[in-house]
Amino acid sequence: MEIRHITENDDFKAVRNIYEKSWQFAYKGIIPQDYLDNIPKEKWGGNILKNGRTEIGAFDGDKIVGTASFCPSRWENFSSCGEIVTIYLLPEYIGRGIGSQLMEACIEELEFLGYREILLWVLEDNHRARHFYEKQGFVCTEDYMDDIIGGKPLREVMYLRRK
């Protein structure tokens, strides 16, 4: 498995497919199924490499099977933190250690940039992801934000990792 930065030469349709398939798998039973079944094909189309985030991918040969992104915190009250914004895998690649490799790459780069604290947000009901983040050394804080996805009120909780 190769972990590297995503470039203009990579297949952005394949990256968007990872987001879509991952959402449909990870958020089943959390986000309304009708929303997951009808995710607009271009939902993530224009943001890749244009959103101020560093995008990395996990490549199995020439096939991209996972993606992650990070940046300086997008939240003014956490401006001293780095932020891991996304980690997504094709469902058939979950459980193979690839998410840990992507997480490690994000953490290494954020620490290289000088961040001693790294945050991320996760849906409160996404217990699989929360367990994964806790295994990676992140701790749930008391910070949260309420959101509505697919017409359903949901809560995101913040996790923090200190160096």
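The values are calculated or read from the model by the stated rules, or taken from the named source; none is laboratory data. Note that the structure is predicted; figures quoted are calculated from it, not measured. We place every Cβ from the backbone using ideal geometry, glycine too, and count neighbours over all the protein chains shown. Ligands, DNA and RNA are excluded from the accessible area calculation, which covers all protein heavy atoms including side chains. Shrake-Rupley method; radii C 1.70, N 1.55, O 1.52, S 1.80 Å.
Net charge in the neighbourhood of Gly82 (other residues with Cβ under 12 Å of its Cβ; Lys, Arg +1, Asp, Glu -1) is +1.
Provide the net charge surrounding Phe59, with neighbours chosen by a C-beta distance below 12 Å and charges set as Lys +1, Arg +1, Asp -1, Glu -1. Within the 12 Å Cβ shell, the charges total -3.
Only protein heavy atoms count here; on that basis, with a 1.4 Å probe, Val65 has an accessible area of about 0 Å².
Using the Cβ atoms and a cut-off under 14 Å, what net charge is assigned to the surroundings of Gly137, where Lys and Arg are +1 and Asp and Glu are -1? Local charge sum for Gly137: +1. In whole Å, what is the distance between the alpha-carbon centres of segment 82-148 and segment 1-71? That distance is 15 Å. Remark: spin-label model distance Asp60-Ser79 equals 4.3 nm, labels positioned 7 Å along the Cα→Cβ axis.
Rolling a 1.4 Å probe over the protein heavy atoms gives the chain an accessible area of 55 Å² per residue. Ordered by solvent-accessible area of protein heavy atoms (1.4 Å probe), largest first, the residues Asp34, Asp60 come out as Asp34, Asp60. So in segment 1-122, what percent of DSSP beta bridges are antiparallel if you round to the nearest 5? Counting only bridges with both partners in segment 1-122, antiparallel ones make up about 85 percent.
FRET efficiency for the pair Arg116 and Glu8, taken as 1/(1 + (r/R0)^6) with r the Cβ-Cβ distance and R0 = 35 Å, rounds to 0.65.
Give the carbon-plus-sulfur fraction of the accessible surface of segment 48-163 in %, rounded to a whole number; probe 1.4 Å, heavy atoms of protein chains only. Carbon and sulfur atoms account for 46 percent of the accessible area of segment 48-163. Take Trp23: with every protein chain present and a 1.4 Å probe, its accessible area is about 30 Å².
Among the DSSP helices (H) of the chain, those spanning at least 15 angstrom by Cα along their long axis with an average Kyte-Doolittle hydropathy of 0.0 or more are 98-112; this is a geometric and hydropathy rule only.
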